[in-house]
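I have placed the structure first, in the form of structure tokens, so that the comments after it can refer back to it.
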Amino acid sequence: MKYIMTLDQGTTSSRCILFDLNGSAAAMAQREFTQYFPQPGWVEHDPEEIWDTTLAVSREAMFNAGARPEDIVAIGITNQRETTVLWEKTSGRPVANAIVWQCRRTSKIIDKLVQDGAGDMIREKTGLVPDAYFSASKIKWLLDTVPGARKMADNGELLFGTIDSWLIWKLTGGKAHVTDYTNASRTMLFNIEELRWDTDLLKLLDIPECILPEVKPSSCVYGYSVRELYGGEIPIAGAAGDQQSALFGQCCFLPGEMKNTYGTGCFLLMNTGSERVRSKNGLVTSIAVGYQDHVEYALEGSIFTAGSAVQWLRDELSIIPTASDSERIACSVADTAGAYIVPAFTGLGAPYWKQDARGVITGVTRGFSRAHLVRATLESLAYQTHDIVRAMERDAKMDITALRVDGGASANNFLMQFQADILNADVIRPEYIETTALGAAYLAGLAMGVWSGTAEIRSLRASDQVFKSAMAAEKREELLKGWQKAVRCALVD
Ligand code: ADP
């Protein structure tokens, strides 16, 4: 039996899945690790713990499958994006905890860049909106704050990496300091058209280029794991940030193909092919994949509150016992009795971008019940997704016919049917929803010649469930009108 090993290094846990050469999962292991919140709004991880848990789960998955190192064709990596690690080149010791993508400590650095008029340049070069999420301001903060860090960086004694770089460096025993195009495109330092670290941005943020990893395709051999780790040298042959990996794992290989991951929040990505699309609707552009000597671009939009609104029903309101009960309860009523909830608990993202918007419930009448609220909450995930899909269509000048879905809340059949109805498009749910891990396995397998190309990968897919729109156009328009009115209420100061 031969396998591809995926290391799926997420924000709360490290996982390893061994896939067989048909892309089916054969073994899995997972461990959570510590979240550090040293101050309000700050989030850190210990890079050593990230490495230890990753190594442990990979060994555990091999043990569970009875796999020997020679049975593993390649390792693919997918990772939480943007999270920033700085470590010493010789000792391999991280100089501080990793600053996690969610951490807001560097928002003042971003405010200053924008005040100084750098916003347009950042947008043009990187495809991103200036934000503390991305790695650039986190690197600057570490260099400015950790004693001795800047001097070491200037002397070429420090290395920066996102989590993919850190893991590859550890796996290869310090031989490879690399990243892939998708991860590089989320640093806010990478010129996504010239495909190189941008010297103007590096100067602006005072970051020496010598600390940055070499940027490579998402599907290529980066190096080999050192023998001590698994008892054999295994090629590391694929890497992509988690959302891009899910896009690839969903087989969104063609322009216009898109996926939505329904987790705590939602992440929508649309493949726009080899042409970069500039958004006029508040979406960001990143690299979808670097593959076979070219890169493809993606438009990306995120929804801050999605599955977490279902958690709110469960934990704060105590009106559903578990998240999955939301489906049964929503289906116990025919509609929301004319009510809408806009769960703007932490502001509204694309395409509205109003950080200080707050949640509203509109259209409440005497007959409004618990079941109506549950239904309206689920529907709000579909409406928010609708708004981003329409924005993507306008930006990319393409009409979408299908949305591929994954993530925890995509298990909800009511939500998926309502999504198809409101979008008037097919909603396609794969049988195997661990698409993030699958994408990295595909990338690694392609580099090793396990599969001939994306056409063969597409043929491996198990049967999908397709939800088709069954709603009359007038009904859809009426519902959307009500939603837009509710959004306006959430947007007023
Ligand atoms: P994350 O990766 O962001 O932690 P997951 O993909 O594991 O998220 O999905 C978990 C989220 O999905 C939770 O916010 C939960 O409330 C929601 N969720 C899980 N199952 C369902 C369901 N059947 N219906 C609606 N929401 C669900």
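So, of the residues in segment 324-342 that are more than 15 Å from the ligand (Cβ to nearest atom) and in contact with a helix residue (DSSP H, G or I) (Cβ under 8 Å, 6 or more places away or on another chain), which turns out to be nearest to Cys266 (Cα to Cα)?
Ranking the qualifying residues of segment 324-342, first place goes to Val342.
If you scan segment 343-354, which residues turn out to be in contact with a Ser or Thr (Cβ under 9 Å, 6 or more places away or on another chain) and either charged (D, E, K, R) or within 16 Å of the ligand (Cβ to nearest atom) (or both)?
Pro343, Phe345, Thr346, Gly349
With the requirement that a residue be of a type in the set (Val, Ile, Thr) and free of Cβ contacts under 8 Å to residues at least 60 places away in the same chain, what does segment 10-25 give you?
Answer for segment 10-25, where residues must be of a type in the set (Val, Ile, Thr) and free of Cβ contacts under 8 Å to residues at least 60 places away in the same chain: just Thr12.
Of a type outside the set (S, T, N, Q), more than 16 Å from the ligand (Cβ to nearest atom) and either over 24 Å from the mean Cα position of the chain (by Cα) or on the phi > 0 side of the Ramachandran plot (or both), is that true of Ala472?
Yes, satisfied.
Give the number of residues within segment 135-167 that are among the hydroxyl-bearing types (Ser, Thr, Tyr) and within 10 Å of Pro208 (Cβ to Cβ).
Matching residues across segment 135-167 total 0.
Counting only residues that are more than 19 Å from Ile234 (Cβ to Cβ) and of a type in the set (S, T, N, Q), how many does segment 158-178 have?
Within segment 158-178, residues that are more than 19 Å from Ile234 (Cβ to Cβ) and of a type in the set (S, T, N, Q) number 1.
Could you grab me the full set of residues in segment 288-323 that are among the hydroxyl-bearing types (Ser, Thr, Tyr), exposed (fewer than 14 other Cβ atoms within 10 Å of the Cβ) and within 12 Å of the ligand (Cβ to nearest atom)?
Within segment 288-323, Thr322 is the sole residue that qualifies.
For segment 82-92, enumerate the residues that are over 13 Å from Leu167 (Cα atoms) and surrounded by fewer than 19 Cβ atoms within 10 Å (Cβ to Cβ).
Result: Glu88, Lys89, Thr90, Ser91.
Keeping to segment 422-463, report how many residues are in contact with a strand residue (DSSP E or B) (Cβ under 9 Å, 6 or more places away or on another chain), free of Cβ contacts under 8 Å to residues at least 40 places away in the same chain and assigned to a loop (DSSP other than H, G, I, E, B).
2
Within segment 366-421, how many residues are more than 25 Å from Lys354 (Cβ to Cβ), of a type in the set (A, V, I, L, M) and part of a helix (DSSP H, G or I)?
5
What are the residues in segment 368-418 that are at positive phi and within 16 Å of the ligand (Cβ to nearest atom), if any?
Gly407
Sort through Arg390, Arg404, Arg375 and tell me the only one that's buried (at least 23 other Cβ atoms within 10 Å of the Cβ) and under 22 Å from Thr285 (Cα atoms).
Every option except Arg404 fails the conditions.
Return the pairs, sorted by first residue and then second, in which the second residue is part of a strand (DSSP E or B) and among the polar types (S, T, N, Q), the first residue lies in segment 283-295 and is in contact (Cβ under 8 Å) with a residue 12 or more places away in the chain and closer than 18 Å to Met392 by Cα, the beta carbons are less than 6 Å apart, and the residues are 6+ apart or on different chains.
What qualifies is Ala288/Asn271.
Search segment 332-365 for residues being of a type in the set (Ser, Thr, Tyr) and part of a strand (DSSP E or B), and hand back the single one that is nearest to Lys280 (Cα to Cα).
Tyr340
For segment 259-266, check the following and say yes or no: at least one residue is assigned to a strand (DSSP E or B), crowded, with 22+ Cβ neighbours inside 10 Å, within 16 Å of the ligand (Cβ to nearest atom) and among the hydrophobic types (A, V, I, L, M, F, W, C).
Yes, segment 259-266 contains a residue that is assigned to a strand (DSSP E or B), crowded, with 22+ Cβ neighbours inside 10 Å, within 16 Å of the ligand (Cβ to nearest atom) and among the hydrophobic types (A, V, I, L, M, F, W, C).
In segment 106-137, what residues are in contact with a strand residue (DSSP E or B) (Cβ under 7 Å, 6 or more places away or on another chain) and of a type in the set (Lys, Arg)?
Residue satisfying the conditions is Lys125 alone.
So which of Ile4, Ile77 ends up being β-branched (Val, Ile, Thr), under 21 Å from the mean Cα position of the chain (by Cα) and buried (at least 19 other Cβ atoms within 10 Å of the Cβ)?
Ile77
All but one of (1) away from the ligand (no atom under 16 Å from the Cβ); (2) out of contact with any Pro (no Cβ under 6 Å at 6 or more places or on another chain) hold for Ser245; which doesn't?
With respect to (1) away from the ligand (no atom under 16 Å from the Cβ); (2) out of contact with any Pro (no Cβ under 6 Å at 6 or more places or on another chain), Ser245 is out only on (1).
Out of segment 226-246, which residues are under 24 Å from Ile457 (Cβ atoms), more than 18 Å from the chain's Cα centre (by Cα) and not in a strand (DSSP E or B)?
Once the filter is applied, which keeps residues that are under 24 Å from Ile457 (Cβ atoms), more than 18 Å from the chain's Cα centre (by Cα) and not in a strand (DSSP E or B), segment 226-246 yields only Ile234.
Looking at segment 37-96, which of the residues that are polar (S, T, N, Q), touching a residue at least 60 places away in the same chain (Cβ under 8 Å) and out of contact with any Lys or Arg (no Cβ under 9 Å at 6 or more places or on another chain) is nearest to Ser225 (Cα to Cα)?
Only one residue fits best here, namely Ser58.
Val295 is checked against (1) assigned to a loop (DSSP other than H, G, I, E, B); (2) under 28 Å from Arg390 (Cα atoms) and fails just one. What number does that condition carry?
(1)
Give the number of residues within segment 82-114 that are within 27 Å of Asn155 (Cα to Cα) and among the charged types (D, E, K, R).
Within segment 82-114, residues that are within 27 Å of Asn155 (Cα to Cα) and among the charged types (D, E, K, R) number 5.
Here, each number is a calculation from the coordinates, and none is a lab measurement. Note that the structure is a prediction, hence the values are computed from the model and not measured. For neighbour counting, all protein chains shown are included, and Cβ atoms are generated from backbone atoms with ideal geometry for every residue, glycine included.
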